[in-house]
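This report refers to the structure that appears directly beneath it.
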Amino acid sequence: MATGLHKSDVANPVLRWIDARLPVITLMQKEYGTFPTPRNFNYLWNFGALAMVNLLVMIATGVVLAMHYTPHVSMAFDSVERIMRDVNYGWLLRYVHANGASMFFIVVYIHIWRGLYYGSYKAPRELLWMLGVVIFLLMMATAFMGYVLPWGQMSFWGATVITNLFSAIPLVGESIVTWLWGGFSVDNPTLNRFFSLHYLLPFVIFGVVFLHVAALHITGSNNPLGIDPKGPQDTLPFHPYYTAKDSVGLVVYFIVFAVLVFFFPNMLGHADNYIPANPLVTPPHIVPEWYFLPFYAILRAIPDKLGGVLMMFGAIAVLFVLPWLDTSPIRSMRFRPVARVALFIWLLSFLVLLYCGGKPPDEPFVTISRIATLYYFAYFLVILPLLGRLERPLPLPESIAMPVLRGGGPLPAGAMSKPMEKA
Amino acid sequence: MRRFHSLKALLVAAGLAAAGPALAAGEVHVPDTRFSFDGLFGHFDRASAQRGFQVYKEVCASCHSMHLLSYRNLRDLGLSDAEVRAIAATVEVQDGPNDEGAMFERPGRPSDRFRSPFANERAARAANNGALPPDLSVIVKAREGGADYIHALLTGYADPPADVTLMEGMNYNKYFPGHQIAMAPPLSGDGQVEFHDGTNATVDQMARDVTQFLAWAAEPELEQRKALGVKFILFLTVLGFLAYGVKRKIWADVH
Amino acid sequence: MADSMAPTAPQDGETRRDFLQLVTGAFAAVGVGAVVWPFISSMNPARDVLALSTTEVDLTPIATGSAVTVMWRGKPVFVRNRTAEEIQVARQVPLSQLPDPATDQSRVKKDQWLVLVGVCTHLGCVPLGQKPTDPRGDYGGWFCPCHGSHYDTSGRIRKGPAPTNLLVPEYAFTSDTQIRVG
C-alpha cells in the first residue's frame with residue numbers, strides 16, 4: 001500500500017478504496033461500531049441520541065418550511081396559515097416543527113438532568129459539559145427567534161419583552177436594543193434578521209454538537225455508577241447493544257411526539273399567537289413558551305430590572321462553572337445520600353419555577369418564585385461546595401461488572417466472560 | 001433502581017402537564033360542548049358546517065371577515081363545484097388594473113378569498129363604535145377554550161347581574177372575559193335563519209352549526225391529521241414491540 | 001481497549017434473531033419512506049397555486065391581425081386573431097416541409113384563433129412577434145431572439161434549433177368571445 005494511505009479493513013474493494021483515502025468508514029466503525037461503552041447504561045442514556053435525532057428533524061422540517069414562509073410583517077402570519085391550508089402536508093411539517101421545539105427541550109432537559117444526577121459534568125468531562133451548556137444557550141436563542149416568525153401576538157410581544165431585557169444594561173442598553181431591532185420597535189427589520197438567524201443557528205448548533213460528541217469520544221461515557229470502566233468486562237461495543245437500546249427509546253419518543261403533533265398540536269402553544277401581531281394592543285397574559293418559564297420566573301422574582309436580567313442569565317451561567325463548584329470526587333448521586341436529596345429538591349425548585357413562570361405575577365407566586373430562585377442558586381453556590389467536604393459517601397463498587405452480577409439474581413453460566421470470548 | 005428512574009421521568013412529565021393547564025386557565029369556566037370533531041376519530045359534520053356557513057353568510061359576515069378562506073375551500077364542506085361557483089359569483093370582487101390602468105369590479109371566482117365586509121381596519125372600527133370585529137378565519141384556534149368557548153359566547157348573553165353597570169354600547173355575556181362585550185347578541189331569536197334542510201333554527205342550533213363551520217375553517221386539516229395520526233401511532237407501536245424484541249435478543253447474553 | 005472488544009454482535013447463529021431484525025429493519029425502512037413523502041409532496045404546487053391554474057381571456061378587444069399576451073401559470077400565452085391570409089399560408093405548407101409535422105387544423109379550435117404557450121421549445125425564451133413592430137421571423141409567425149428559431153403563422157417550428165412546435169395549451173371556448181385556458 002502506498003505511503004500516506006490509511007490501512008483499511010473494509011472488505012468491499014470500492015469502499016476500501018474510498019476508506020483508504022478518506023477513512024470515514026473506519027471512523028464510523030470506531031466511534032459508533034466497536035466504541036467501548038459502559039455496559040450498565042439505563043434508559044436515561046437514550047436522550048443524547050434522541051436530541052441528535054430531534055435536531056435533524058428540526059432542520060429537515062425547517063428547511064422545507066422556509067421554502068413556503070414569507071418573512072415580512074404584512075405577510076408572515078398569512079404565509080404560515082397558507083402553509084397550514086394550501087401546501088401539501090404543510091400542516092404536518094409546521095406542527096412537527098412547532099412541537100419539535102417542545103420535544104427538543106423535553107429531551108434536552110432530561111439529558112441535562114441525567115448529567116446532574118450522575119455527575120457527568122465532573123472531571124474529565126468538564127469541557128464536554130460546557131459545550132453542552134453552549135448548545136443549550138444556542139437552542140434557547142433559536143427557539144426564541146423561531147417563535148417570532150409566525151408574527152402572532154405572542155410572537156410580537158415575546159420579541160418585544162425579551163429584546164427589552166438588554167435595555168437593562170447600563171449606559172449602552174438602549175443603543176443595543178435599537179441595534180437588535182434595526183429600528184425603534186420590533187418591526188420588519190427585526191423579523192427579517194430573526195428569520196436569517198433562525199435559519200443559521202441550527203447549523204451552528206450542529207457544529208457544536210459535533211464538538212460535544214468528539215469530546216465525549218475522548219473521555220468516554222459516564223455511567224449510572226459514575227466509576228470508570230476498568231477493563232473490557234465493564235464495556236460493550238456500541239453497536240449492536242446501544243444502537244438497539246437507542247432504537248427502543250427512539251420509537252417511544254416518536255410516539256410521544258406523534259401524540260402531540262396529531263392530537264394536541266396547539267396544547268403547548270398559546271391561543272393568542274393565532275391573533276396577528278398588533279403593536280398597539282398587548283395581550284392580557286403574556287408568557288413565553290413553557291421551556292423558558294423557569295428562567296422567566298427567576299426574572300420576575302427579582303424586583304430590580306438589571307438584577308432580574310442578571311439572575312436570569314446567571315441561572316444558566318452557573319452551569320458553566322458547575323464542574324468546579326461540586327467539590328465531591330464522587331460522580332453518581334447513588335452514592336451521595338445527602339447531595340441526592342438536595343438535588344431532588346433542586347429539581348422541585350426548577351419545576352416550581354416552571355409552574356410559577358406561567359402564573360400571573362401576583363402573590364403567592366412571587367414569594368414562591370423567590371424561595372425557589374434562592375434554592376436554585378443555593379444548590380449550586382452553597383450546598384454543592386459544602387457537601388463535597390461534609391458528606392460521607394456510600395462505598396463505591398469495585399467495578400461496573402461487579403454490582404451488575406451481584407444484583408442480578410441467578411446468573412447464566414459464563415455471562416460475564418461471554419463478550420470477552422468473542423473478542 | 002430502574003423503577004426509581006422512570007419515576008423521575010414521570011415527575012418531569014407531571015411538571016410539564018401542570019404547566020399546560022396553568023397557562024390555559026381562564027377566569028370563567030366554559031361549559032364543555034360535545035362536537036363531532038372531538039376525540040381520536042373526530043370528523044366534521046358536513047351538514048352542520050354547511051348550515052353554519054349559512055349562518056356566517058347571513059349573520060356574521062356583515063361585520064366579520066374571514067380573509068384566509070377562499071370560496072374554493074367550500075368544496076371540502078361537500079358543496080358541488082357549481083354551487084361554489086354560484087356562491088362566489090354573488091359577490092363583486094375588485095380586480096385590475098385593466099389595460100387602461102383602472103381597477104374594476106367583477107363577479108367572484110372560486111379562487112377568490114372571502115370578501116371582507118370592510119375595506120380596512122379603520123373602516124371596520126368606524127362602523128362599529130371603535131371596536132374591531134375580529135377576523136374569524138382562525139378564531140377557534142385563537143381563543144382559549146376553542147370551539148367550546150365560541151359556542152358558549154354565542155349562547156352566553158344574559159341580563160347583567162344587579163351589581164354590574166354596563167358601559168355604553170356594551171352587552172353582558174357570561175363567558176366573555178370581563179363580561180362586557182361590544183358585539184350585540186348576534187343570534188337573537190329562533191328562526192333568524194331559514195335552513196334549507198329544514199333544521200329548526202334555534203339559537204343553540206345556529207350557535208352549534210356556526211361553531212362547527214368555524215372549527216372547520218380554523219383547522220381544515222383536522223380530519224386528515226387525526227386519521228393519519230391513528231395510523232402512524234399504530235405503526236409505531238408495532239415497530240416499538242419489534243425494536244424491543246430485537247433489543248432483548250441482543251442483550252440476552254449480557255444480563 | 002477498543003482492540004480487545006468484539007467488533008460485532010455475538011454470532012450465535014440464531015436464525016430467529018436474524019429474522020426478527022430483518023422484519024424490524026424492513027418496518028423501519030417503510031416508516032422512513034412514509035415520512036419522506038410529505039417532504040417531497042410539499043414541494044409540489046400548493047392548493048392555492050392549483051386553484052389559479054386557469055385563466056380567462058376576453059377575445060372582443062383583439063382585432064383581426066393583432067395578438068394579446070396573457071399570463072397563465074406564470075407563463076405568457078399568445079392569443080392571435082389571424083387574418084385569412086395567415087390561415088391560408090399556414091394551411092398550404094406541405095407537412096413534409098415541417099420539422100415537427102402537424103396540420104394547422106389540429107392546432108386550432110376556431111380557424112381564426114390561435115392560442116399558444118409563448119415559450120420557445122428550445123430553451124424557454126419568449127419569442128418575438130406579438131407587437132406589430134416585432135420581427136416575426138422568415139415565416140410571418142414568431143421569432144425567438146435567443147437562438148434564432150423561426151415559427152410560422154400556426155406556431156410551428158420552421159427554422160432554427162427548437163425541436164418542436166410552440167405548445168398549444170389546453171383551452172376551451174366558454175362563449176363565442178371568451179376562452180378559458182387550463
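For the reader, a short list of remarks on this structure follows.
- Checklist (1) assigned to a helix (DSSP H, G or I); (2) open to solvent by less than 60 Å² (accessible area, probe 1.4 Å); (3) away from every other protein chain (no Cβ under 14 Å) applied to B:A201, failing item: (1)
- Among residues of segment A:123-148 being in contact with a helix residue (DSSP H, G or I) (Cβ under 6 Å, 6 or more places away or on another chain) and assigned to a loop (DSSP other than H, G, I, E, B), the one that is most open to solvent (accessible area, probe 1.4 Å) is A:P124.
- Residues satisfying the stated conditions in segment A:64-80, i.e. open to solvent by 30 Å² or more (accessible area, probe 1.4 Å), within 9 Å of another protein chain (Cβ to nearest Cβ) and either in a helix (DSSP H, G or I) or among the β-branched types (V, I, T) (or both): A:D78
- Residue match in segment A:327-347 (condition: loosely packed, with under 14 Cβ neighbours inside 10 Å, among the β-branched types (V, I, T), more than 23 Å from the chain's Cα centre (by Cα) and over 19 Å from A:W113 (Cα atoms)): no
- Test: residue in segment B:165-184 that is open to solvent by less than 20 Å² (accessible area, probe 1.4 Å), within 28 Å of B:P220 (Cα to Cα) and not small (G, A, S): no
- Qualifying residue in segment A:41-55 (condition: of a type outside the set (D, E, K, R), within 14 Å of chain C (Cβ to nearest Cβ) and surrounded by fewer than 21 Cβ atoms within 10 Å (Cβ to Cβ)): yes
Conditions tested, residue by residue: (1) over 35 Å from the mean Cα position of the chain (by Cα); (2) at the interface with chain A (Cβ under 9 Å from one of its Cβ atoms).
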{"site": "B:D209", "(1), (2)": "no, no"}
{"site": "B:A215", "(1), (2)": "no, no"}
{"site": "B:P220", "(1), (2)": "no, yes"}
{"site": "B:L228", "(1), (2)": "no, yes"}
{"site": "B:L234", "(1), (2)": "no, no"}
{"site": "B:L242", "(1), (2)": "yes, yes"}
{"site": "B:K249", "(1), (2)": "yes, yes"}
{"site": "B:D253", "(1), (2)": "yes, yes"}
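- When each of A:F254, A:F262, A:F292 is tested for being over 21 Å from the mean Cα position of the chain (by Cα), under 20 Å from A:N54 (Cα atoms), within 13 Å of chain B (Cβ to nearest Cβ) and assigned to a helix (DSSP H, G or I), the lone residue that passes is A:F262.
- So A:V256, is it out of contact with any Cys (no Cβ under 7 Å at 6 or more places or on another chain) and open to solvent by less than 40 Å² (accessible area, probe 1.4 Å): no
- Listed by position, the strands (runs of 3 or more DSSP E) inside segment C:19-128 whose residues that are open to solvent by 60 Å² or more (accessible area, probe 1.4 Å) and within 30 Å of A:V80 (Cβ to Cβ) number at least 1 are C:67-72, C:75-81.
- Flag for A:M84 being surrounded by fewer than 19 Cβ atoms within 10 Å (Cβ to Cβ), among the hydrophobic types (A, V, I, L, M, F, W, C), at pLDDT 95 or above and farther than 19 Å from A:L201 by Cβ: no
- Segment A:181-240 - residue that is among the polar types (S, T, N, Q) and farther than 28 Å from A:G62 by Cα and, of those, surrounded by the most Cβ atoms within 10 Å (Cβ to Cβ): A:T235
- Any hit, segment B:41-57, residues being over 30 Å from B:N200 (Cβ atoms), surrounded by 13 or more Cβ atoms within 10 Å (Cβ to Cβ) and at pLDDT 90 or above: no
- Total residues in segment A:8-36, condition away from every other protein chain (no Cβ under 14 Å) and not small (G, A, S): 12
Yes/no per residue for (1) touching a helix residue (DSSP H, G or I) at 6+ places or on another chain (Cβ under 6 Å); (2) in a helix (DSSP H, G or I):
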| site | (1), (2) |
| --- | --- |
| A:I218 | no, yes |
| A:S221 | no, no |
| A:L236 | no, no |
| A:P240 | yes, yes |
| A:V248 | yes, yes |
| A:A258 | yes, yes |
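- In summary, helices (runs of 4 or more DSSP H) completely within segment A:308-412 and bearing 1 or more residues that are modelled with pLDDT of 95 or more and aliphatic (A, V, I, L, M) occur at A:337-357, A:365-378, A:384-390.
- Selected residue [farther than 29 Å from A:N266 by Cα and in contact (Cβ under 8 Å) with a residue 40 or more places away in the chain] from B:P133, B:P117: B:P117
- Count - residues of segment A:1-40 that are under 26 Å from A:G231 (Cβ atoms) and either assigned to a helix (DSSP H, G or I) or touching a residue at least 24 places away in the same chain (Cβ under 8 Å) (or both): 15
- Among the candidates B:A18, B:A89, B:A24, residue that is among the aliphatic types (A, V, I, L, M), at pLDDT 90 or above and either open to solvent by 50 Å² or more (accessible area, probe 1.4 Å) or over 19 Å from B:E223 (Cα atoms) (or both): B:A89
- Residue selected from segment C:4-18 under the condition modelled with pLDDT of 55 or more and within 9 Å of another protein chain (Cβ to nearest Cβ), by the criterion least open to solvent (accessible area, probe 1.4 Å): C:R17
- So A:A271, is it facing chain B (nearest Cβ under 10 Å), crowded, with 19+ Cβ neighbours inside 10 Å, hydrophobic (A, V, I, L, M, F, W, C) and within 30 Å of A:V186 (Cβ to Cβ): yes
- Scanning segment A:203-247 for residues that are free of Cβ contacts under 8 Å to residues at least 60 places away in the same chain and within 14 Å of chain B (Cβ to nearest Cβ) returns A:P240, A:A244, A:S247.
- Residues that are open to solvent by 50 Å² or more (accessible area, probe 1.4 Å) and hydroxyl-bearing (S, T, Y) within segment A:149-177 comprise just one, A:S175.
The values are calculated or read from the model by the stated rules, or taken from the named source; none is laboratory data. What you are looking at is a predicted structure, and each value in this text was computed from that prediction instead of being measured. Cβ: placed from backbone, ideal geometry, glycine included. Neighbour counts: every protein chain shown. Only protein heavy atoms, including side chains, enter the accessible area calculation; ligands, DNA and RNA are left aside. Shrake-Rupley method; radii C 1.70, N 1.55, O 1.52, S 1.80 Å.
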